[in-house]
Each structure stands twice: as C-alpha cells, then as structure tokens.
Amino acid sequence: MIKLTGVIQTFEPIFEREEITHSQEAAIYYVLSVSDSSLNFTETLREARKIRRTVSQRALTKGRDYLLRKGFLAKVLLTHNSEEEYEQRGYIPLHPKIVFKENEEYLREIYEPEDFSVRKKHVEDLYGAYEDNYGAYGLKMEKGCMTLHYSDTWLVSYISSIITQAEVKTVSMMLSGLQIFKEPYRQYYVDKIEKGLKIRMVFGGEEELEEIEEVKDIRNKYKENVEIRYSPTISRTCKSFIVDDKLAMDGKKLLAIDGETLSYIGILYIEEKECIKNLRRNFEAVWKMSKNLL
C-alpha cells in the first residue's frame, strides 16, 4: 500500500527547489499520475481534494503546467496505431526513481536520517506502481506511435530512465550536444556500460566542441562499448535515439518565441519495425559521414 501523503510531502520540496509555482499541487498531481495512470484531470482533482481539501482546479492546473515546463511531465499530443487512447489523461510522468535519485542528496540535507529513510521507503513503493502502469518504456503502450510535447530536461531524464529500467543492450543517439554524459545523468550510463551496454552517439553543434574533454574519460575507459562521433551536418533542432531496434524517437526543437525554455515535439515508435528501420538507416548514413574527435 503506497502512503500517498508521505510521498507527496517528499516530492513537494523537490518541486519547490525547482521554483515550481504551486509546488504542493504539483507534487499531488505528479504522485497521483504515477500511482493511477487511468485518472483524467477531473478524477485527479477529485482525488487531490481527498488529500488536501482546499486544492483548486486552477492551482492543480498551474502545478501540472509547471511540471511540464520543468521536465517532470511530457504531454501526449497524439497516439496512433495503438490500442491505448489517452483522451484527457495525456501526460507522461518521468520515472519517480530518476526524480528521487537526482535530488537524493538535497533531501538528505533537509531531513533527519531516520525521517529520510522512511521517506525513501515510501518513494520506493511508488516505483512498482509506475512500472506496472507505464511499462518498461514508461509510455503505457506496448506497440504503436506517440507524438509528445516535452522539454530538453524531460528527454535527457527519460533516456536515463530507459537505460536504468529496461533490459537494454544497445543505444544509438543523434543529438545536438553532450548533455547526457554530464551529471546527474552520467552515472546511469557508466553503471550500464560496465554491465555491457553499447552506445553509439553522433553529435553536432560548434559550441559543444569545447566540451569534448568532459566525455573523453568515458570514451577512453570504455572503448569497447562507447563510440562518440561528431558531424557538423546535425541540426541544432534535431534529437533522435534508437534502443535495441525496439524503441526510437525522432524529435525536433521548437524555436523560442517567448524567451522561455525551448521545447520539443517528438514521435516515439514502439515495436514499429519499418519506422524504426527508416530511422536506423538515417542514423547509419550520418554515422558514416561523421568524424571521430575523441
């Protein structure tokens, strides 16, 4: 039995630290979306008021919107070739394990050791609910295509969650930068690489050339498992990845019009062999023309 109140109280300071407006409502929305993926917004509001009677629709909406902006949620725009219809429940939460791990040291600082241990146990109870509700790939569908609206932070954290949760053997990535190998994401990859994960990554972007030194140690230490190449032909608006030819994403960055964090539109393909084969062909073509700079 998940103790929702305790879990919500643990996530609230995480979201408050991220300067999320209505952090309590954000925590309630996030935990409810993880624990029961069948809830639409009206049902989530009803459940939220059982936890905190004064929760308003406006505050819960604001909390959800900030979660999307800060990378804790992705919005489902469309599903196709899938039995799952999202209707009003069109948000995909980030795996709570990733959120907790990235903020674990901060929580240790603000809670006494005994209190922290209890809170950690409560959050760990939520992991199983997430995996039951959203599956190994965190999308609540086993086959089909899904179009998402998401932030850069969500994408990097989502890839990390796939690496840590699913039985992944190979990952091919075509990204505009090297953010995935920076902390706090770096350790997820190191742990899996040491267990046999093979990664091929090709990146673009002139400013990123200065950051190559930061990933050289990974490349040099795990030469049999990690290949990182550079191609100036990769657009700064392009981000795609392929996982074991079972899951793939083709994403594009939206240009900023309001000065806020840039967002992305991406299509995820799950067990769609022909679509993934086409993305693989594109990756291999870029890889062939890329340069080994490490």
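The values are calculated or read from the model by the stated rules, or taken from the named source; none is laboratory data. Since we're looking at a predicted model, the values are computed, not measured. Cβ atoms come from the backbone with ideal geometry, glycine included; neighbour counts cover every protein chain shown.
Here are a few things to note about the model shown:
- Test for ALA129: is it of a type in the set (Gly, Ala, Ser), more than 27 Å from SER290 (Cβ to Cβ) and not in a loop (DSSP other than H, G, I, E, B): yes
- The single condition among (1) out of contact with any Phe, Trp or Tyr (no Cβ under 9 Å at 6 or more places or on another chain); (2) farther than 22 Å from PRO96 by Cβ; (3) of a type in the set (A, V, I, L, M, F, W, C) that LEU197 does not meet is (1).
- Members of the stretch 137-188 that are at pLDDT 85 or above and small (Gly, Ala, Ser): GLY138, GLY144, SER151, SER157, SER160, SER161, SER172
- In the stretch 44-54 there is no residue that is closer than 28 Å to GLU271 by Cβ, crowded, with 17+ Cβ neighbours inside 10 Å and modelled with pLDDT of 95 or more.
- The conditions of being over 27 Å from ARG219 (Cβ atoms), without any contact (Cβ under 8 Å) to a residue 60 or more places away in the chain and over 13 Å from the mean Cα position of the chain (by Cα) are met by GLY135.
- Wholly enclosed helices (runs of 4 or more DSSP H) of the stretch 1-117 bearing at least 3 residues within 20 Å of the chain's Cα centre (by Cα) and touching a residue at least 60 places away in the same chain (Cβ under 8 Å): 4-17, 23-35, 57-70, 96-102
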